[in-house]
Amino acid sequence: MTTAPLTVSRVFKAPLALLWQVQTEPAHMAKWLSPDNPAAFISRMDFREGGTHFYGSPMPDGSIMYGIVTYREIVPMQRIVHVQSFADKDGNITPHPMAPTWPREMLATTTYEDLGDGTSRLSITWVPLNATEVEEATFDGARAGMQGGWDHQFGQIETYLAGL
């Protein structure tokens, strides 16, 4: 079974260089990934091909959800390809804390496009990587929820950009 990717996209009222910074610099990321408590956002980033980003994002109940990214390709202000996984506090890959059959690895391709007039498009394509049939089925069954989650994340980015 090969799962079709999920692609989400949004046009932002921001020049490409600023959108890139907001997506790739931990100080910015903390303010849109954890807008209610950016000081609690944990980030150890080695932003280079082959590097990793270990992060912890505080949840409304006070717990922290950890993740780890391994960068495969970085083309400044054009594209980032990485593998995304949930992690424990020590950076070990773990199952999704609320969905144990979620794929342990997701391949993400993020593209950036300068639309002129101070606007930019951000597009993200997700597909399970090295997934079992059960994990692929979980991914396929969660498409509406993922779209809603990305709409929320994009809204947080828009709010943050508007305040800069």
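Going by amide H atoms built from the backbone, whose H comes under 5 Å of the H on Arg72, apart from near neighbours?
Answer set, sorted by chain and number: Gly50, Val81, His82, Val83.
If amide hydrogens are placed 1.01 Å from N in the peptide plane, which non-local residues have theirs closer than 5 Å to the one on His96?
Trp102
Provide the per-residue ³J(HN,Hα) series for region 142-152, in order, calculated from phi with Karplus coefficients 6.51, -1.76, 1.60 and θ = phi - 60°, each as a whole number of Hz, with x at glycine and proline positions.
Those phi angles translate into 9, 4, 5, x, 5, 4, x, x, 5, 4, 5 Hz.
Pop out the Kirkwood hydrodynamic radius of region 68-119 from its pairwise C-alpha distances, inverse of mean 1/r, in Å to one decimal.
With all distinct Cα pairs of region 68-119 included, I get 12.8 Å.
Which whole-number percent is the relative contact order of the chain (Cα, under 8 Å, 6+ apart)?
25
Given (i) 1, 9, 14, 17, 17, 13, 10, 7, 5, 3, 2, 1, 1, 0, 0; (ii) 2, 6, 6, 5, 4, 5, 4, 4, 4, 4, 3, 3, 3, 3, 3, 3, 3, 3, 3, 3, 2, 2, 2, 2, 2, 2, 2, 2, 2, 1, 2, 1, 1, 0, 0; (iii) 2, 9, 16, 21, 23, 18, 9, 3, 1, which label gives P(r) over Cα pairs in 5 Å bins from 0, in percent as computed from the coordinates?
Read-out from the structure maps to (iii).
How many angstrom lie between the Cα centre of region 52-86 and the Cα centre of region 9-41?
With region 52-86 and region 9-41 each reduced to a Cα centre, they are spaced 13 Å.
Would you work out the Kirkwood radius for region 106-161? I mean one over the mean of 1/r across all pairs of different Cα atoms, in Å.
Its Kirkwood hydrodynamic radius stands at 13.2 Å.
Place the peptides 15-25, 51-61 in order of packing, highest mean first, counting for every residue the other Cβ atoms within 10 Å and averaging per peptide.
Result, highest mean Cβ count within 10 Å first: 15-25, 51-61.
Mind listing the phi-derived Karplus ³J(HN,Hα) values for region 44-49, rounded to whole Hz, using 6.51, -1.76 and 1.60 with θ = phi - 60°, and x for any glycine or proline?
The phi angles translate into 10, 10, 10, 7, 7, 4 Hz.
None of the figures in this text is laboratory data; all of them are computed from the coordinates on show. Not measured: the values here are computed from a predicted model. Counting neighbours? That spans all protein chains shown, and the Cβs are built from the backbone with ideal geometry, glycine included.
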